[in-house]
1. Here are A:V225, A:V245, A:V252: which of them is within 29 Å of A:I96 (Cα to Cα), among the β-branched types (V, I, T) and more than 22 Å from the chain's Cα centre (by Cα)?
2. Which fully enclosed helices (runs of 4 or more DSSP H) of the range A:211-310 have 3 or more residues being within 29 Å of A:V148 (Cα to Cα)?
3. Consider B:D131 carefully, then state whether it is among the charged types (D, E, K, R), open to solvent by 50 Å² or more (accessible area, probe 1.4 Å), more than 30 Å from A:T368 (Cβ to Cβ) and within 13 Å of another protein chain (Cβ to nearest Cβ).
4. In this structure, is B:T117 farther than 17 Å from B:E30 by Cα, open to solvent by 40 Å² or more (accessible area, probe 1.4 Å) and not aliphatic (A, V, I, L, M)?
5. Can you pull out the helices (runs of 4 or more DSSP H) entirely within the range B:210-293 that have at least 2 residues that are at pLDDT 85 or above and more than 14 Å from every other protein chain (Cβ to nearest Cβ)?
6. Restricting the search to the range A:87-129, which residues are polar (S, T, N, Q), open to solvent by less than 30 Å² (accessible area, probe 1.4 Å) and outside any helix (DSSP H, G or I)?
7. I'm checking my understanding of the structure. Among residues of the range B:210-231 that are among the small types (G, A, S) and touching a Gly at 6+ places or on another chain (Cβ under 9 Å), which one is surrounded by the fewest Cβ atoms within 10 Å (Cβ to Cβ)?
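The values are calculated or read from the model by the stated rules, or taken from the named source; none is laboratory data. Quick caveat, the model's predicted, so the values are computed rather than measured. Positions of Cβ are generated from backbone atoms using ideal geometry, with glycine treated the same way; all protein chains shown enter the neighbour counts. For the accessible areas, the whole protein counts, side chains as well, though only heavy atoms, and no ligand, DNA or RNA atoms are used. Shrake-Rupley method; radii C 1.70, N 1.55, O 1.52, S 1.80 Å.
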Amino acid sequence: MTAPTSAPGAAADVVAGSPGRDAPADTGRPPGAQRSGAPTTAWRDRLLDARPVLVPVAAVLGALGVSTGLAALAGATPVEAATALWEGMVGTPYAIGSSLNVAAVLLLVATGFLVAHRAGLVNVGGEGQIAVGAVAATAVGTTLPPAVPAAVALPLLLLAAAFGGAAWASIAAWLAVRRGVSEVITTLLLNFVGVAVLVLSIHEEALLRQPVTSSETLPQSSPLVDSAHLPLLGLPDSPATTAVVLALAGAVAGSLVLRRTATGVRLAAVGMSRPAALRLGLPVDRLRFSALTTAGAASGVAGGVLVASVPYVLDEGLASGYGFSGLVVGLLARGSFTAAVGIATALGFLVSGGINLQLAAGVPASITQIAESLIILGVAGTAIWTVRRTARPTRTRPWRPWRRPATPDRTGTEATS
Amino acid sequence: MIPTLTDLLVASVALAVPVLVAASGELVGERAGVLTMSVEGMMLTGAFASVVGATASGSAFYGVLCGAVAGLLVGVLQAVLSVLLRADQIVTGLAANALALAGTTFGARLLLDRGTTVPGFARIEIPLLADIPVLGPALFRQTGLAYALVAAVVLLAIVTSRRTGWGIAVDAVGQDAASADRSGVPVLRVRFTAVLVVGLLSGLAGTQLALSEVHTFTDNMTAGTGYLAVVAVIAGSWRPVGVAVAAVVFGLAQALQFTLPALGVDVPFALLVMLPYVLALLAVAGFVSHSRPPAGLNTAFVRQGRLA
C-alpha cells in the first residue's frame, strides 16, 4: 500500500478532462475512454462536451477580473495596468521575443508532463528537473574547449541537460514503480533537493562557481563558451532563440508518439487502468518508469535552454516558477498538444507582461502567479461538472484467489475499493 | 560540547514546533480521508496574516487571531474543493499553495513596511525546569504561544484518539466512507470539519513561526515546511506519537543548517538545506511500504447513485 496516492485514473482524469470530442488531439485514445454512467440525451451530451472548453474560459475571465481588482488595490488604474501588461506582452519586438522564449520553456515542461500524464503519472517535479538539467548543461557548456563547433557543442549541452533531468526524475520513477510511493510526493520533495543541488554547485568553486576573485564575485557559474549559446531565430530586434523551434519540435514529436505509435496506445492503456494493462501483458512498470523519466528529460532540456540563453550563466533563480507554470500548462491542455502550444504561448506572454506590470505600473509581478493559480483552482474545482465518470471504480483485478498477483497493486483505490 | 548541544536542541525545538502543530492537524485530515497538500499555503497565509494583524493592532494576541482565521479561510477553500466539489485533492492543494505564495508576496508589498517592529511573544522560562542542563533551555524556555499550541496538539490527539466518538468517526470516514455513511456518520460534515482543523492548526503553526521565532514576515518564509508536515504524517504511520517523532526529526534536520555553521563545521550550506528533504524522501520511500494509509485517503465520497 502506499501513501497518498493518485490512483492512475482518479487524479489524472479529474483534471485531464473528459477524453473525447473536446480535444481533437485525443483521437488516438482507445475506445472505452468514453464510458458514461447513465444514458444521456444528445443535447446534454453536446453541452457536456462544450463544458471542458467553457469552464477554462470562464476560469481565465474570472482570474483576469480578480487580477484587475488586485492591480487596482496596488494603485494602478485598470487602463494603466492593461497598458503596462500589453506593452510587456507585445509592445515591442523585444517583448514579443522574450515572451516566446518563456513560452518555449513552458512548452518543454508541459510536453514532458503530458507524456507522463498519459501513463497516469503526475509530474510535479519540473522545477527540480529544470535545476538539475541546467546544472548538467552548465557543466558541459563551461568545460568544452572553445574550439568545438556549435554543431557539436549545442547537441552535447542539450543531451547533458536531458540526461540530468531524466536522472533526477528516475529517482521518483524508481520509487513509484518499485516501492509504490506516490510520484506526486517524491517529485515535489525532489524539487527542493534539486534546487539545493543547483545552489550547491554555484557556491562551490570545486563545482561550477566562477573563480572567486573578490568579495564581489557573485555566486554563479562562469559564462558558457560561445559555441554553446543557443542561436537567435534572427528576427529583427527580437531575442527569440531557437528554443522556440526546439519546443515546437518536441511538442510535435510528443504528439506523434502518443497519437500514432503503439507506445502511445500502451501508455494510455497504463494510464487508464493499470490492472487491465497488466492483464494485456504490457510491461507496466517499464512504461511508467520511462514515461516519468521522459518527462524529466523534457524538463531537463528546458533547464539547458535556460542556461544557453542570455546571460549564459547558471544562477540561483534560474528554475524558479517555470516548473509550476509548466505544470499549469500541462493540466489545462487536457492531454492535447495543440492546446499546450496555445496555452504555453498565452502564459509566456502573461509572464513577460507581468514583469512589465511591475516595472511600469508598480504592481507586484506575483499577480500573474495569482492569476495562474486561480485558473487552476477554477478548472480543477469544477471538474465534477465537466468530467463524466462512472459512479464507482470497478474491481478490475483478475479473480485468482489461489495466486498472488504478479505485480501487487500498491496504489490502492482501484484494486481495493 | 554541552552549550553547543543545547543550541542545537533549542533550534531544533524552535523549528519542530511549527511542523508538529501543522502535522497533527494534517493527521486528522488524512485520517478522515482528505489529503491536504495546502498545509504549506495555510502556514504561509497564517504567518502573513498574523504579522499584518499584530502590526496593525499592536498586539500579538490579535496577530494570533488573524493567523488562525487566515488558516481557517484557506481551510474552507480547500474543504469546499476537496469535500464538496470532489476536486483533485493534490492538484487543488498545490494550486492553493501557489496562490498563498503569490498572494502573500503581493500582500507584503502592499501592506508591510520593511523595518517596522512586529509585536511578538516573549519567552517564558518555567522556573526550575528551565535550569535542567541541555534539555531545559530547549523545552522550557518557549513563548506562551508555543506552550499553548503544544497543549492544543496534545488535546487534539486525545480528543481524536480511537477511544472517543469523534476519533472513531474520523477513522470510519477515512477508512470506509460508504459504511460510515450507512451507519449514520455525517461523512461530508466530518471531512469538512477535519479540513478546517488542518487549516486552523496550520495557520497557527505559521503564526508560531512568525510571531514567536522570526518576528517578521519574509516572502516564502515557510519554504517547504508545510510539505515536511505532510511527510511527517506519512513517516509517522498516521499515529500521533509517530508523527510527533517525525516532526522532531525534521526540526533537528532543519536546525543543523543554523547550528553546524555556528560550530565552524565546514559543510556547504546547500547540503544542509537539502538535508530535511532528503530525510523526507527516505522516510516516504522506507516507511510507506510497511504502514497502511487510511483506505479512503485521497478519494472523494459521494453517496451511491447520486453521480450517475
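1. A:V225
2. Because the criterion is at least 3 residues that are within 29 Å of A:V148 (Cα to Cα), the helices (runs of 4 or more DSSP H) in the range A:211-310 that meet it are A:243-260, A:284-307.
3. no
4. Taking the combined requirement at face value, the residue satisfies it.
5. B:240-263
6. Result: A:N123, single match.
7. Only one residue tops the list, namely B:S212.
One line per residue, one yes/no per condition, for (1) at pLDDT 70 or above; (2) in a helix (DSSP H, G or I):
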position	(1), (2)
A:P19	no, no
A:D26	no, yes
A:Q34	no, no
A:L85	yes, yes
